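The values are calculated or read from the model by the stated rules, or taken from the named source; none is laboratory data. From a predicted model like this one, the values you see are computed outputs, not experimental measurements. Because the Cβ atoms are built from the backbone with ideal geometry, glycine has one as well, and the counts that use them run over all protein chains shown.
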Amino acid sequence: MKILIILTAFILAMLITGCRDVELKPFSPPIVSGQLTRMYVFNTGKIQFPYSIFYSKEEWGEIKKLFPDKTKDEKVWLSVPTYLLEYSDGSFIAINPGLPSISNQNPSKAFGFVFSKLFSVKVDEGKDLYSQMQAHHLDIRKLKAMIFTHLHIGDISGLIEVKKVSNTMFYTVNEEWQAVQKSFGIFKGYRFEYFKQIDKIYGLAFKTSTDFSPFSEACNFLGDNSIIIFKTPGHSQGHLSFLIQGKDKSYLIPAGAAKNFPSFSYLQYSWSEEKSKESVNNLKEFKAKHPHVKFLMDHDPFDWEIDDFLVIDF
Ligand SMILES: [Zn+2]
């Protein structure tokens, strides 16, 4: 029965999706004049994945020693966060939109038919980015920009609830943009539908830099060093990691590029294992060179579990 559903969905997807060819707008940063003052990490909900998506055979052996009861096919709930940066001029910049509130009532609208049949999602009412901003009295109209770590359905489905009032500019890289526009993207975890109502999508501009070794290129998003973006391909083709630098605290968000347990490593589910290895080695080296930078993991079922939200003042 399940095979029949998947097969029908495959044929349907074939009929309704075609290869698109929309170009990203050239990089242009949002206008933000203040200093980075705060970061909110909102948990927007959870998606269930089997452990096998995360761990290699060897890693799983280590986990079994610690947790003999766990099985590789067992499904685990993974929190999906959105990172909201607040600036002193009242502007906000978000990294990923997280999950939408409609996930529970209408999973097919939120994730598309195929994804909604394959994965379970749990979202509490009012936990999406926009509702959480409202609940914390943060002005949605000041959400100047949203940058994506990558464009996997599980990470960006909250786009379905993008508010027209927000006036937000959206940013990604060509590799991800190509992947999301391809026919059958849904079978690789991509869905173009989220972008149908968005017209301001910009490409990010990277420059050669020696400041963030071993990363040889970086995008200094606002030019003020508060958001530095690195290319960490592997989990997806154009995956990005973020270095967030406040006055005296710095955080690195590796998103799908790394997990912490049982060791700092890449996720088993990846577009390229070779690139995943390379990226995780770069992140490891960066970690060793900059011990003051705290890593915020969010694709690690053993490491990231917040019930609601986290506030970091800079
Ligand atoms: Zn992902």
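Could you figure out which of (1) in a loop (DSSP other than H, G, I, E, B); (2) more than 16 Å from the ligand (Cβ to nearest atom) isn't true of Tyr251?
Result: Tyr251 passes all but (1).
Condition first: more than 20 Å from Phe187 (Cα to Cα) and either of a type in the set (S, T, N, Q) or loosely packed, with under 14 Cβ neighbours inside 10 Å (or both). Now tell me which residues in the range 123-154 satisfy that.
At the first step, the residues of the range 123-154 found to be more than 20 Å from Phe187 (Cα to Cα) are 123-147.
Residues satisfying the conditions are Glu125, Gly126, Ser131, Gln132, Gln134, Ala135, His136, His137, Asp139, Arg141.
For the range 204-218, does any single residue satisfy the condition of being of a type outside the set (A, V, I, L, M, F, W, C), within 14 Å of the ligand (Cβ to nearest atom) and either closer than 19 Å to Leu24 by Cβ or outside any loop (DSSP other than H, G, I, E, B) (or both)? Even if it seems obvious, please write down each step before you answer.
Going through the range 204-218, the residues of a type outside the set (A, V, I, L, M, F, W, C) turn out to be 207-211, 213-214, 216-217.
Remaining after also requiring within 14 Å of the ligand (Cβ to nearest atom): none.
So far as the range 204-218 goes, no, none of its residues is of a type outside the set (A, V, I, L, M, F, W, C), within 14 Å of the ligand (Cβ to nearest atom) and either closer than 19 Å to Leu24 by Cβ or outside any loop (DSSP other than H, G, I, E, B) (or both).
Based on this model, can you work out whether Leu240 counts as buried (at least 17 other Cβ atoms within 10 Å of the Cβ) and either closer than 17 Å to Ile53 by Cβ or away from the ligand (no atom under 12 Å from the Cβ) (or both)? Write out each step before concluding.
Values: buried (at least 17 other Cβ atoms within 10 Å of the Cβ): yes; either closer than 17 Å to Ile53 by Cβ or away from the ligand (no atom under 12 Å from the Cβ) (or both): no.
No.
Being surrounded by fewer than 20 Cβ atoms within 10 Å (Cβ to Cβ), closer than 12 Å to Pro262 by Cβ and among the hydrophobic types (A, V, I, L, M, F, W, C) is the filter here, so list the residues in the range 40-72 that pass it.
Passing the criteria: Trp60, Ile63, Leu66, Phe67.
Check the range 112-127 and report whether any residue there is of a type outside the set (A, V, I, L, M), farther than 17 Å from Gln48 by Cα and modelled with pLDDT of 90 or more.
Within the range 112-127, none of the residues are of a type outside the set (A, V, I, L, M), farther than 17 Å from Gln48 by Cα and modelled with pLDDT of 90 or more.
What is the one condition in (1) more than 16 Å from the ligand (Cβ to nearest atom); (2) over 14 Å from the mean Cα position of the chain (by Cα) that Phe115 does not satisfy?
Answer for Phe115: the failing condition is (1).
Can you find a residue in the range 239-246 that is in contact with a Phe, Trp or Tyr (Cβ under 7 Å, 6 or more places away or on another chain), under 14 Å from Val41 (Cβ atoms) and at pLDDT below 90?
no
Among the residues of the range 144-157, which ones are modelled with pLDDT under 95 and either among the acidic types (Asp, Glu) or more than 11 Å from the chain's Cα centre (by Cα) (or both)? Talk me through it step by step, then tell me what you get.
Looking only at the range 144-157, we keep the residues that are modelled with pLDDT under 95, and these are 152-157.
Residue satisfying the conditions is Asp155 alone.
Residues that are away from the ligand (no atom under 16 Å from the Cβ), among the polar types (S, T, N, Q) and not in a helix (DSSP H, G or I): does the range 154-177 have at least one?
At the first step, the residues of the range 154-177 found to be away from the ligand (no atom under 16 Å from the Cβ) are 160-171, 174.
Subsequent filtering for residues that are among the polar types (S, T, N, Q) retains 166-168, 174.
Right, trim to not in a helix (DSSP H, G or I) and you get 167-168.
Among the residues of the range 154-177, at least one is away from the ligand (no atom under 16 Å from the Cβ), among the polar types (S, T, N, Q) and not in a helix (DSSP H, G or I), which makes the answer yes.
For the list (1) assigned to a helix (DSSP H, G or I); (2) within 14 Å of the ligand (Cβ to nearest atom); (3) not aliphatic (A, V, I, L, M), I need the number of the one condition that Asn282 fails.
Result: Asn282 fails condition (2) only.
Is there any pair linking a residue in the range 235-256 that is of a type in the set (D, E, K, R) to one that is more than 12 Å from the ligand (Cβ to nearest atom) and not in a strand (DSSP E or B), with Cβ under 6 Å and at least six apart or on different chains, and which?
Matching pairs, first to second residue: Lys247/Phe314; Lys249/Phe314.
Return a yes/no flag: does the range 273-283 have any residue that is among the hydroxyl-bearing types (Ser, Thr, Tyr), under 24 Å from Glu176 (Cα atoms) and touching a strand residue (DSSP E or B) at 6+ places or on another chain (Cβ under 6 Å).
Let us first name the residues in the range 273-283 that are among the hydroxyl-bearing types (Ser, Thr, Tyr), namely 276, 279.
The next check asks that each one be under 24 Å from Glu176 (Cα atoms); those that pass are 276, 279.
Applying the additional criterion that residues be touching a strand residue (DSSP E or B) at 6+ places or on another chain (Cβ under 6 Å) yields none.
No, there is no match, as no residue in the range 273-283 is among the hydroxyl-bearing types (Ser, Thr, Tyr), under 24 Å from Glu176 (Cα atoms) and touching a strand residue (DSSP E or B) at 6+ places or on another chain (Cβ under 6 Å).
Considering only the range 258-270, how many residues are without any contact (Cβ under 8 Å) to a residue 60 or more places away in the chain and either buried (at least 21 other Cβ atoms within 10 Å of the Cβ) or within 14 Å of the ligand (Cβ to nearest atom) (or both)?
Total meeting the criteria: 3.
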